[in-house]
Amino acid sequence: MVGNLRHNRTVPVPRQPATARSPQAAWSILTPRVLAWIAYDWAFSAFNTVVVTFVIATYFVQAVAPDPATGTAQWAATQTTAGVVIALLAAPLGVLADLGGHRRALLIGLTLLLAACTALLWFVRPGPADAMLALVLVGVATVCSEISFVFYNAMLPELAPPGRIGRLSGIAWAAGYIGGIVCLGICLVVLINPVPPLLGLDPHQAEPVRATALLAGAWIIVFALPLLATSGGAGGLPWRTALVRGLGGLKAALRDALADRALMRFLVARMLYTDGLTTLFAFGAIYAAGQFGMDTKSVLLLGILLNLTGGIGAVAFAFVDDWIGPKPTVLLSLGALCVLATVILLVDDVATFWALGMGLGVFLGPAQAASRSLMARIASAEARNAQFGLFALSGRVTGFVGPAALGAVTALAHSQRAGMAVIVVLLGSGAALLAGLRTPAG
């Protein structure tokens, strides 16, 4: 459009009144619905940080499972099973939302179930007797978390014009990082660290740790409530009709997706580099402990700092996304991650490792936030929820490949460094495939 205006210089362009400004000029992040959407990312950070990453996962492996090795295997199997369920349900439920207009009802139901399962982890006492209860609750909560984000992510193009999508995605992603740090900090300061424990909690029954599940469940409800009250999407076909048509529509959606070369190229590229990111998250702490002798507190501090730098990077690159576009932003982030990860594998100095690790954190957030932004630009309006279901599928369907390859290379080479090099290969392969993607103009 700029080129056309410059070419037709002899044609006077009337000055637009203030009420007729472009959507980008009029858009504000301070509208209630946009703030509610950002708050939802903040809300969900409690589950990822408290349950999946730091507190409940560690509690299960160390105090609930028969032994750490068995607990690790059981936890991994649960996450794998949840990934299969997500892969089977994400796209069909997306089609149901597209046809039936039931996105709000699905989002409310999944969010409430997630919060309930998270809070019910309070009843998981130390000892193997409650191991199955913990695994079922975590598995169901994981499925609810991932599928609810299908509908959440699909709202992005509705909340911001094309020139502001990257900004909104990055700011919300940063809010998730910061929310996780704040929730984790409250858990540590208020529930876990005090001696004697507050509120009469019994440390012999791990009640200070179990109480973090109650806090996380309440956190999800409180901060997700604004979006649940304003998410829209009501109306459309009745549930049964939408479900029947949706199953047939899913086949059409998959056929259309396969025919869309740009969409499929992006989904396959994202599958590769997401496998690399997932493997980095899963084995980064293990590498730090094994290669540099870092203890639990040091690893926990590393995780908090990575979340902090990830949030900073997501905010900073949110504006870069809108400036240069989401595809260059993802490629820049993946390139930086490949370089930093390669150097990390070559160093032996702990201080250098910490510095490079903080650098990794800066580019982790943008790689994920700009991917969501790019998907929002590629997805068609009439099948947006279904295509975001495929987006969720691409992040899960081969999630086992990275860890399996890393384990095999580590075993064959008898070297953690050689195994971790798999991450660089996955990130680089995804970036190479993404580089050839033709994205929509604007």
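Please treat every number below as a calculation from the coordinates, not as lab data. As the structure is a prediction and not an experimental result, all values here were calculated from the model. We place every Cβ from the backbone using ideal geometry, glycine too, and count neighbours over all the protein chains shown.
Assign unit charges at the C-beta atoms only (+1 for Lys and Arg, -1 for Asp and Glu), then state the dipole size of the stretch 32-435 relative to its Cα centre in Debye, rounded to the nearest 20.
For this selection, approximately 1020 debye.
Return the FRET efficiency for the residue pair A381, A316: r is the Cβ-Cβ distance, R0 is 30 Å, and the value is rounded to the nearest 0.05. Write out the running numbers ahead of the final one.
Working: r = 30 Å, r/R0 = 0.99.
Efficiency computed from Cβ-Cβ geometry: 0.50.
Taking the Cα centre of the stretch 293-442 as origin, sum charge times position over the Cβ atoms of Lys and Arg (+1) and Asp and Glu (-1), and report the length of that vector in debye to the nearest 20. Walk me through the numbers before you get to the answer.
Values: 8 positive and 6 negative charges, 77 e Å.
Dipole size: approximately 380 debye.
Taking 20 °C and 1.002 mPa s as the conditions, I'd like the Stokes-Einstein D for the stretch 153-217 in µm²/s, using the Kirkwood hydrodynamic radius from alpha carbon pairs. Mind dumping the intermediate values first?
Numbers: Rh = 14.2 Å.
Result for D is 151 µm²/s.
Starting from the Cα-Cα distance between R255 and R33, subtract it from 0.36 nm times their residue separation and give me the gain in nm to one decimal.
Details: separation 222, 0.36 × 222 = 79.92 nm, distance 3.36 nm.
The span from R255 to R33 would gain 76.6 nm if fully extended.
Want the number for V189 to L214: 0.36 nm per residue separation, take away the alpha-carbon distance, what's left?
Details: separation 25, 0.36 × 25 = 9.00 nm, distance 1.53 nm.
Going from the current span to full extension adds 7.5 nm.
So if I take the centroid of the Cα atoms in the stretch 116-179 and the same for the stretch 53-94, what is the distance between those two points in Å?
The distance from the Cα centre of the stretch 116-179 to that of the stretch 53-94 comes to 14 Å.
Can you give me the Kirkwood hydrodynamic radius for the stretch 302-442, using every pair of distinct Cα atoms, in Å to one decimal?
Working: mean 1/r = 0.0609 Å⁻¹.
Kirkwood radius, the stretch 302-442: 16.4 Å.
How long is the gain from L346 to A73 if the chain were fully straight, where each residue apart is worth 0.36 nm and the alpha carbon distance is subtracted?
Working: separation 273, 0.36 × 273 = 98.28 nm, distance 2.99 nm.
Gain on extension, L346 to A73, equals 95.3 nm.
Taking N as the number of residues in the stretch 32-435, what value does Rg over Cα atoms divided by 2.2 N^0.38 Å take? Working shown, then result.
Numbers: Rg = 20.6 Å, N = 404, 2.2 N^0.38 = 21.5 Å.
Cα Rg divided by the expected 2.2 N^0.38 Å: 0.96.
Sorted from fewest to most neighbouring beta carbons within 10 Å, what does the list R438, R167 look like?
Numbers: R438 9, R167 22.
In order of increasing Cβ crowding within 10 Å: R438, R167.
Between T439 and A105, what FRET efficiency comes out of the Förster formula 1/(1 + (r/R0)^6) with R0 = 45 Å and r the beta carbon distance, rounded to 0.05? It would help to have the intermediate numbers written out before the result.
Numbers: r = 33 Å, r/R0 = 0.73.
Here the calculated transfer efficiency is 0.85.
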